[in-house]
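What follows is calculated from the coordinates using simple rules that are stated; it is not laboratory data. The model shown is predicted, which means the values in this text are computed figures rather than measured ones. Cβ: placed from backbone, ideal geometry, glycine included. Neighbour counts: every protein chain shown.
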Amino acid sequence: MHHPSHHATHTAAADRESVPELEVVVEVPRGSFLKRGSLGTIDFVSPLPCPFNYGAVPNLLGLEGDLLDALVLGPRLRLGTRTRVRVWGAVTLTDRGMFDDKLICSHEQPSPAQVRAVLRFFDLYAVCKGLLNIWRRRPGRNACEGWCPASVALARARPLTGTFNRPPVPF
């Protein structure tokens, strides 16, 4: 008799092999109040601690011209940590009318509860960033557009050629 859990485990293992893996550099450790940019400068001090390790993929550019954002679920990682993790999906934000993908990464597939927590965080983040942009006099729509497959976000990114100096848009 074939045991159903064996088949489910085998299928999950096969699916896991098709999940892309990338290197992410941590710019904002989980629990930090300092939001740093790709060059290490402090963009702003948050009133709330970041619930995830937040960073970027050092060799890919997002649609807004900055290094492609990525968050790493799991325990706190130190500032500057380079880690190779699987990319399970992405959350797409609109920031001042520009698409800004955030890769969702971890060593294990995120649970439905983790995915809901990530989406709630980015809903709140979009509202807060919108208020910050109003204060900074930077117009444009801000919203969390929801979850998309990792392949969609990665297809929108482009390889970094040469050295990254700074994003073309002020943050």
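Quick look at the values:
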{"read-out": "Prolate/oblate/rounded label for region 79-120 (Cα gyration tensor, a/c 1.5)", "value": "oblate"}
{"read-out": "DSSP-defined beta bridges in region 21-159 - what % are antiparallel, rounded to 5", "value": "90 percent"}
{"read-out": "Gap separating the Cα centres of region 75-105 and region 24-57, nearest whole Å", "value": "11 Å"}
{"read-out": "Principal-axis tilt of helix 112-135 within the chain, Cα atoms, nearest 10 degrees", "value": "10 degrees"}
{"read-out": "Cα gyration tensor category, rounded, prolate or oblate, for region 83-171 with a/c compared to 1.5", "value": "oblate"}
{"read-out": "Additional length obtainable on full extension of the chain from Asn59 to Cys128, 0.36 nm per residue less Cα span", "value": "22.0 nm"}
{"read-out": "Ranked by how many other beta carbons lie within 10 Å on average, peptides 65-73, 147-155 from highest", "value": "65-73, 147-155"}
{"read-out": "Relative contact order [Cα under 8 Å, 6+ residues apart], the chain, whole percent", "value": "23 percent"}
{"read-out": "Cα gyration tensor shape for region 21-159, rounded if a/c is under 1.5, else prolate or oblate", "value": "rounded"}
{"read-out": "Counted charge near Phe122, where neighbours are those whose Cβ lies closer than 13 Å (Asp, Glu -1; Lys, Arg +1)", "value": "-2"}
{"read-out": "Near-label residues of region 39-66 by backbone N, under 11 Å of a point 7 Å along Cα→Cβ of Phe99", "value": "63-64"}
{"read-out": "Max mean-square fluctuation residue, GNM over the chain, Cα-Cα springs under 10 Å, options Ala143, Ala117, Ala56", "value": "Ala117"}
